C-alpha cells in the first residue's frame, strides 16, 4: 500500500536503537527526510552510515534546556514519532525518586516539549502534520514491578488524546501505538527466560511477542494520509493481549 510519505520531513526520538532505529530506516526507504534524535552519538554515527542523509541530533531528552537548544532551530517538520523511553522496573514498595524523575522526564515531559516545538512550527507554517507517540500495553494493564512505567504510559495515552483535542483544529493528528513485548535486542534480553516469557505469552491470544516490523508498520500507517480520519486513538499492537 502506497503511503504517500515521500518528500516529507520527519523527526524520530530514541532513534539509536530498537523501534526508533527501525522507524528511521523505514521512513528513509519511503523517501522521507529524517531528523534522528538519540542521546548516544555512536548509535547516530552508525545510523547515518546505514542511512545517508539522516540528520543526527545528539541530546539527552531528560535535559529540558539542552533539548530546547538542540531542536529549536531544526527547521520544518511534518511528521513526529515520540519513541524515546526508559524502563526502570521496581516493585511498588521499592520505587525510588530517581526512577520517578527519569521516567517522567523522558517518557512524558520530553513528549510534551518535543511535540510543542514541532507543533508550533507546523502551526506557524499553516500546514497539517502528524504525531505518533509510542506507548505500551502497560498503559492499560497492571504488570508486576512496573508501577512507574505503567503509570507514565497511562499518562501518555491521555496526553495523546489531549494533544489530538487541542491540535486537531490546526489539522495536526495525534495517535499512539501500544505494543506488547517487542523482540528488540532489549526485549530479547529481558524476555529470553522461557518461564518468564510463558506467563506473558499465555495471556496473548496469538501466542507470540511482536516483531519490530509490526510496530513500525503501525507507526507508518498512522503517519500517512491512509489514516487521515484517525486521531486521539491508542492502537494496540499486542496480539490480542488487551482483549483478554
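The values are calculated or read from the model by the stated rules, or taken from the named source; none is laboratory data. Owing to the predicted nature of the structure, the values given are computational and were not obtained by experimental measurement. Glycine also receives a Cβ, built like all others from the backbone with ideal geometry; neighbour counts cover every protein chain displayed.
Among (1) part of a helix (DSSP H, G or I); (2) touching a residue at least 24 places away in the same chain (Cβ under 8 Å); (3) out of contact with any helix residue (DSSP H, G or I) (no Cβ under 8 Å at 6 or more places or on another chain); (4) within 26 Å of residue 72 (Cβ to Cβ), where does residue 152 come up short?
Evaluating residue 152 over (1) part of a helix (DSSP H, G or I); (2) touching a residue at least 24 places away in the same chain (Cβ under 8 Å); (3) out of contact with any helix residue (DSSP H, G or I) (no Cβ under 8 Å at 6 or more places or on another chain); (4) within 26 Å of residue 72 (Cβ to Cβ) leaves (3) as the failure.
For residues in the range 14-24 being part of a loop (DSSP other than H, G, I, E, B) and touching a residue at least 40 places away in the same chain (Cβ under 8 Å), which is surrounded by the fewest Cβ atoms within 10 Å (Cβ to Cβ)?
The residue in question is 17.
Considering only residues that are within 19 Å of the chain's Cα centre (by Cα) and either exposed (fewer than 14 other Cβ atoms within 10 Å of the Cβ) or farther than 23 Å from residue 79 by Cβ (or both), which ones fall in the range 166-187?
180, 181, 183, 185, 186, 187
Which one of these is under 16 Å from residue 162 (Cβ atoms) and touching a residue at least 12 places away in the same chain (Cβ under 8 Å): 105, 145, 133?
When all the criteria are applied, what remains is 133.
Could we say that residue 123 is farther than 22 Å from residue 203 by Cα, under 15 Å from the mean Cα position of the chain (by Cα) and not in a loop (DSSP other than H, G, I, E, B) here?
When the stated conditions are applied, residue 123 does not pass them.
May I ask you to say which residue of 11, 44, 27 is more than 16 Å from the chain's Cα centre (by Cα), surrounded by 15 or more Cβ atoms within 10 Å (Cβ to Cβ) and in contact (Cβ under 8 Å) with a residue 24 or more places away in the chain?
The conditions single out 44.
Kindly indicate whether any position in the range 133-148 is more than 25 Å from residue 100 (Cα to Cα), at pLDDT 95 or above and surrounded by 14 or more Cβ atoms within 10 Å (Cβ to Cβ).
no
What is the one condition in (1) more than 25 Å from residue 82 (Cβ to Cβ); (2) surrounded by 12 or more Cβ atoms within 10 Å (Cβ to Cβ) that residue 195 does not satisfy?
Of the numbered conditions (1) more than 25 Å from residue 82 (Cβ to Cβ); (2) surrounded by 12 or more Cβ atoms within 10 Å (Cβ to Cβ), the odd one out for residue 195 is (2).
Might you check whether a residue that is modelled with pLDDT under 95 and at negative phi occurs anywhere in the range 65-73?
Within the range 65-73 (the criterion being modelled with pLDDT under 95 and at negative phi), the answer is yes, since at least one residue qualifies.
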